[in-house]
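What follows is calculated from the coordinates using simple rules that are stated; it is not laboratory data. Computed from a predicted structure; not experimentally measured. Using ideal geometry, Cβ is built from the backbone for each residue, glycine included, and neighbour counts are taken over all protein chains shown.
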Amino acid sequence: MIFFRRKKNKEHTPSPDHLHDEPLAHTEDAESVVSFDALIEESYLEEESDHHEIPPLDETDSPLPAPTPLVQDEPQNLLARLRSGLSKTSQQLSGGLTGIFTKRKLDDATLEELEELLIMSDMGVHVAQKIVHNIRTTRFGKEISAEEIKHYLAEQIASIVQPCEQPITFTHRPTVIIAIGVNGNGKTTSLGKLAARYRSEGKTVMLAAADTFRAAAVEQLKVWAQRAHVPIITGAHEADPASVVYQALEQAIAQNIDVLLIDTAGRLHNKHNLMQELGKITRVLKKIDEHAPHHVVMVLDGTTGQNALAQAKNFSEMIGITGFIVTKLDGTAKGGVVVALAHHHGLPVHYIGVGESLDDMQEFHASCFARSLVGLE
Ligand SMILES: Nc1nc2c(ncn2[C@@H]2O[C@H](COP(=O)(O)OP(=O)(O)O)[C@@H](O)[C@H]2O)c(=O)[nH]1
Ligand SMILES: [Mg+2]
């Protein structure tokens, strides 16, 4: 399914604000558009065939001695994983840049090709135009190598995404983090990875399975809880998610837990039900702690490119999102979507997912991300 995906339109180029604010109406350059309810409903219908693989426990991550630092936390490992995770996007960008800038001056034609290349990585028309405009004003008419362009791009991208480099803060005990987002985006997996990460940092962690609609969803979270050696609160099948969350927060307080991670359902029949459920979850949390939830993190699937942007827009209009996790960047050449997200939303991007294993959830570092995205060491 594709929606809100724009083709470049040279005659009419909307302003960034215009693009951001535009409702999901049918436009000439939208390939196909669906409503939010259709999106939710579709993900609900997909449920029948929705058997997410739960990777087996293997010797690399089980048993996870807790608290023990994850291998990834060594800086070289982190960077290497980031680079390989973003390699689909960086190969496309890097290959394209080499093609465009081999012994060529920075003229209208090369700039146009550069803009196309940036749009292909899903940075969006406006980010691409902004970057190309900046290059034009400083370098027009000069000879420039692909390597120089990469450095320049990395700087530009880093400056756009820098404000989003904001790690999760742990200001309360327990700090309550709730994951929301469309089915299949990676909520459960991301929370499992975070449970292991926080545990390895020496924090005490509890998981709450508030996606009570699907038994498999609870089982999936249980496997992650086992791996990360953390307790999990679940309810009966189709129990009220709000009651699970209430019990979880009570338990977390009683057990002096540092971080409570709440997994929610991504698919309900429509927007109204989803809003109601998330609203109720928030209300019951506030009965116990008026500041909870301390983080409402939307999990986005990076492989959906500009579609992820539209989901972010829809959810942020419904619910007060405090930050993002962008998953599956390893599976896509559309890694530029993080740049578009930063440009349009400006909310923190707490973590990015660059693979399926426990070690593949990284804190978002603007300059490392930018350099890796364009294929620089
Ligand atoms: N390659 C890759 N796969 C991921 C990543 N994050 C999640 N997944 C996979 O995406 C699928 C859906 O994830 P899940 O956590 O069940 O999504 P949820 O429905 O939002 O809870 C699973 O097969 C995960 O293993 C990632 O960063 N990279
Ligand atoms: Mg799930």
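Observations on the model:
- The calculated FRET efficiency for S367 paired with N256, based on their beta-carbon distance and R0 = 30 Å, is about 0.20.
- With the cut-off at under 19 Å, measuring from each backbone N in segment 117-151 to a point 7 Å along the Cα-to-Cβ line of A109 picks out 117-118, 136, 140-146.
- Separation of alpha-carbon centers, segment 147-212 and segment 283-330, rounded to whole Å: 11 Å
- Exceeding the 31 Å Cα-Cα cut-off - candidates K271/K328; K150/K328; K203/K328; K271/K334; K280/K313; K286/K334: K286/K334
- Förster-model FRET efficiency, 41 Å R0, R136 and H172, C-beta, rounded to 0.05: 0.30
- Between E148 and Q162, the simple label model (points 7 Å from Cα in the Cβ direction) yields a spacing of 2.3 nm.
- Couplings 3J(HN,Hα) of segment 347-356, computed from phi: 7, x, 9, 6, 9, 10, x, 10, x, 8 Hz, in residue order, whole Hz [Karplus 6.51 cos²θ - 1.76 cosθ + 1.60, θ = phi - 60°; x for Gly and Pro].
- Remark on I144: its backbone amide H falls under 5 Å from those of R104, L106, a criterion applied only to residues 5 or more positions apart or on other chains, H modelled at 1.01 Å from N.
- Among S145, N77, S159 - extreme Cα towards positive end, dipole of segment 76-163, charges at beta-carbon: N77
- Ranked by the mean number of other Cβ atoms within 10 Å per residue, highest first, peptides 254-263, 327-336, 237-246 order as 327-336, 254-263, 237-246.
- In Hz, Karplus ³J(HN,Hα) per residue of segment 125-136 (6.51, -1.76, 1.60; θ = phi - 60°; x = Gly, Pro): 4, 6, 5, 4, 5, 5, 5, 5, 4, 5, 5, 4
- Taking amide H atoms as placed 1.01 Å from N in the peptide plane, the amide H of T175 lies under 5 Å from those of V259, L260, each 5 or more residues away in sequence or on another chain.
- Calculated from backbone phi, Karplus (6.51, -1.76, 1.60) coupling profile of segment 365-373 in Hz, x at Gly/Pro: 10, 4, 6, 5, 4, 4, 5, 5, 4
- Electrostatic bookkeeping for F369 treats Lys and Arg as +1 and Asp and Glu as -1; over the other residues with beta carbon under 13 Å from its beta carbon, the sum is 0.
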